[in-house]
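The values are calculated or read from the model by the stated rules, or taken from the named source; none is laboratory data. Owing to the predicted nature of the structure, the values given are computational and were not obtained by experimental measurement. Methodologically, a virtual Cβ is constructed for each residue, glycine included, from the backbone with ideal geometry; neighbour enumeration extends over all protein chains shown. Calculation scope for accessible area: heavy atoms of the full protein, side chains included, ligands and nucleic acids excluded. Shrake-Rupley method; radii C 1.70, N 1.55, O 1.52, S 1.80 Å.
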Amino acid sequence: MPGRTLSIRPPSVMRAGVALALALGLLAADPVGAAETPAASVPTPPPLPPERPETLKPPVAEPAPPTPPARPPELKPAVAEPAKEPVKDPGREKASESAKEGSKESAKEASKPEIPTPPPAPPERPPELSGGAALALKVSPPDDTACRTRLKRLGVDFEPLAPIAEGQCTAPLPLKVTKFADGVALPQGATLTCRAAEALARWVTEVQVEAERTLKHPLTALELGGSYVCRGQNHDIDAKLSEHAFANAADIMGFAFAGRASIPVKAMPDGSEEAQFLGAVRTKACGFFRTVLGPGSNAAHANHLHVDQRERNAGHRLCE
């Protein structure tokens, strides 16, 4: 035909088109089969195992702490320089060798058995204090300031005396007592230590109470047979010194009253006012003195009441 150009395709192109058309036709004819048929056989993976229980799970490790940053160079410690070797001194080396030799000798000496050192001799025994040495021994007297203050509060009239020192009969701080509270007098006076005077003053207050209760007459005076006397017990020159020798005792011979006759210390008829009074004041004396002796104790005390402050073991008291 005039004016039209015919395109003639090559045979290879035509063959490829025919093959594509056949393939499309087959797919169109059986689409399901084409979809189900796998392109290649792929193996199926095995099923996943069950999850492990929480109690059997291993603990989760904590992450390691971060590494600290490197220290700046200017803050790093300075590297110590190696020590210089000391200069050898021949004299010092010789001294060191001598010291080593000396230590070896000392070790040898130490290895030798030690000779026991005898114990030091005991000090010489001091000479026995007897005779004039015993009499010359000085003992500091006790401080009786507080005791004298108590005597004043008890209403006692007294004055200090010079120290007594007659051989072994001594009283470093004796007092002369002349009157007790409420005007109870001591006509003869009494030379006593402060402790003995205090005990006597406290006992006299009990005697005043008993006089008013039993006799219905006030006490006015004590009749003393003696206080300080340098002698032995019971006036025996070979006996132990009496407490009278230390101004630590008193002998009461009788009691004086206002409005009635005095009562001497002696055995009285049982049941009488005098016997009742003497018995009561004698019992009360045992609460103030460490020794109380009177009629019935022995023949030496048949006519007076002996009281003293003699110290005995374990605070023992003698009241007869």
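For this structure, a couple of remarks:
- All of (1) open to solvent by 60 Å² or more (accessible area, probe 1.4 Å); (2) in contact with a Gly (Cβ under 9 Å, 6 or more places away or on another chain) hold for E159 with one exception: (2).
- Among the residues of segment 183-195, those identified as assigned to a strand (DSSP E or B) and surrounded by fewer than 20 Cβ atoms within 10 Å (Cβ to Cβ) are A185, P187, Q188, G189.
- Yes/no for T220 being of a type in the set (V, I, T), out of contact with any helix residue (DSSP H, G or I) (no Cβ under 6 Å at 6 or more places or on another chain) and touching a residue at least 60 places away in the same chain (Cβ under 8 Å): no
- Single residue of segment 261-286 satisfying the filter (without any contact (Cβ under 8 Å) to a residue 60 or more places away in the chain and small (G, A, S)) that is farthest from A250 (Cα to Cα): G271
- Test: residue in segment 173-187 that is closer than 21 Å to H301 by Cα, touching a residue at least 24 places away in the same chain (Cβ under 8 Å) and in contact with a strand residue (DSSP E or B) (Cβ under 9 Å, 6 or more places away or on another chain): yes
Here's the yes/no breakdown for (1) part of a strand (DSSP E or B); (2) of a type in the set (S, T, Y); (3) touching a His at 6+ places or on another chain (Cβ under 8 Å); (4) closer than 25 Å to S262 by Cβ:
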residue: F158; (1), (2), (3), (4): yes, no, no, yes
residue: T178; (1), (2), (3), (4): yes, yes, no, yes
residue: A197; (1), (2), (3), (4): no, no, no, yes
residue: R202; (1), (2), (3), (4): no, no, no, yes
residue: E206; (1), (2), (3), (4): no, no, no, yes
residue: R213; (1), (2), (3), (4): no, no, no, yes
residue: H217; (1), (2), (3), (4): no, no, no, yes
residue: T220; (1), (2), (3), (4): yes, yes, no, yes
residue: G225; (1), (2), (3), (4): yes, no, yes, yes
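- Some residue of segment 280-300 being assigned to a strand (DSSP E or B), of a type outside the set (A, V, I, L, M) and open to solvent by less than 50 Å² (accessible area, probe 1.4 Å): yes
- Some residue of segment 251-270 being out of contact with any Phe, Trp or Tyr (no Cβ under 7 Å at 6 or more places or on another chain), closer than 24 Å to D144 by Cα and buried (at least 20 other Cβ atoms within 10 Å of the Cβ): yes
- Residues in segment 304-314 that are without any contact (Cβ under 8 Å) to a residue 60 or more places away in the chain and either assigned to a loop (DSSP other than H, G, I, E, B) or out of contact with any strand residue (DSSP E or B) (no Cβ under 7 Å at 6 or more places or on another chain) (or both) were compared, and the one that is most open to solvent (accessible area, probe 1.4 Å) is N313.
- From I237, I263, residue being of a type in the set (V, I, T) and in contact with an Asp or Glu (Cβ under 7 Å, 6 or more places away or on another chain): I263
- Residues of segment 237-250 satisfying the condition of being in a loop (DSSP other than H, G, I, E, B) and either modelled with pLDDT of 95 or more or open to solvent by 70 Å² or more (accessible area, probe 1.4 Å) (or both): I237, D238, K240, A247, N248
- Residue list for segment 213-224, restricted to those being open to solvent by 60 Å² or more (accessible area, probe 1.4 Å) and not acidic (D, E): R213, K216
- Here L293, L278 are screened, and the one residue that is at pLDDT 95 or above and more than 28 Å from G183 (Cβ to Cβ) is L293.
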